[in-house]
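Working notes, structure below.
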Amino acid sequence: MIPPGLAYCALSQRAWKRMESARSPRFYFDFRKERKAAAKGESAYTPATSLFAALGAALDFVRQMGAGDLTAGRDALVKNAELASAMTRAGVQALGLRLFAPAAPASALTVVHAPTGFDSGVLIKEFRDRFSAVVANGQGDQMKGKLFRIAHIGYYDYIDTIGILAALEQVLANVTGKPVEFGAAVRAAQEVYSGSLANAVRA
């Protein structure tokens, strides 16, 4: 839920010992300096303070999802992404679109083939220009222009899912010029959502 730029590292005792004898050049990645600074509650170099502040806000959000429990919040965040993903898969399939990996779907992201004969970049531009919605293109020479990707993890919920699917219906109609059954994707997503509520009651 934050911009990229932070990385985490764990070191074993064996790695710490090896570090003392290693002769490879290093500066920012000299963990000996970091360990020394950490003992004083500091960092060896200027940290990415804005990213740490964003991380704190994101963790607060996750903690709230778990009523104060970070672990429960993490579980709720994952379940939310799983539901949004299932809703999105149902929605795009109701519009006749093909999933990139139907046998192995991901909860964090749904990847969809662009309609035959259309560049996914045109769809993405329409999402951005018409709805200020962020949908990603395929990556690399083999996938760019052929796929579009809808993310579900983080600050993303039922309303976001329904909104992006309703926007997708309009985008397809505008870009392809072909008839679109408006409401089909939204209805399919709502049915998945309703089914999840029914299952929760039974559980």
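Derivation of every value follows stated rules applied to the coordinates shown; laboratory data play no part. Owing to the predicted nature of the structure, the values given are computational and were not obtained by experimental measurement. Using ideal geometry, Cβ is built from the backbone for each residue, glycine included, and neighbour counts are taken over all protein chains shown.
Per-residue extension of 0.36 nm, minus the Cα-Cα distance of D69 and L109, leaves a gain of 11.9 nm for this segment. Our coupling estimate for the range 76-81, obtained by passing each phi through the Karplus curve with A = 6.51, B = -1.76, C = 1.60 and θ = phi - 60°, is 5, 4, 5, 4, 4, 5 Hz, Gly and Pro reported as x.
Suppose R0 equals 30 Å; then what is the FRET efficiency for A54 and R202 from their Cβ-Cβ distance, rounded to the nearest 0.05? Given R0 = 30 Å and the Cβ-Cβ separation, E is 0.20.
Each label point was placed 7 Å from the Cα along the Cα-to-Cβ direction; for V78 and A7 their separation is 2.5 nm.
Extension gain, Q93 to F182, is 30.7 nm, computed as 0.36 nm per intervening residue step minus the present C-alpha separation. Based on DSSP H segments of at least four residues, each scored -39500 (n - 2.57), the chain has a per-residue ellipticity at 222 nm of -18000 deg cm²/dmol.
Computed from phi, the 3J(HN,Hα) profile of the range 88-94 under the Karplus parametrisation 6.51, -1.76, 1.60 (θ = phi - 60°) reads 5, 4, 4, x, 5, 5, 5 Hz, with x in place of Gly and Pro.
Take every Cα pair under 8 Å in the chain that's 6+ residues apart, average their separations, divide by the length, and report that relative contact order as a whole percent. With pairs under 8 Å counted, the relative contact order is 18 percent. Treating r as the C-beta distance of A101 and Y155 and R0 as 25 Å, the FRET efficiency rounds to 0.50.
Just to be sure I understand, if you calculate mean projected area of the Cα convex hull in nm² for this structure, which of [x] 10.3; [y] 11.3; [z] 16.4 do you get? It is the one labelled [z].
Working from label points 7 Å from Cα in the Cα-to-Cβ sense, the E191 to M19 distance is 5.6 nm. On a C-alpha basis, how far is the centre of the range 45-106 from the centre of the range 1-40 in Å? Whole number, if you could? Using only Cα atoms, the two centres lie 29 Å from each other.
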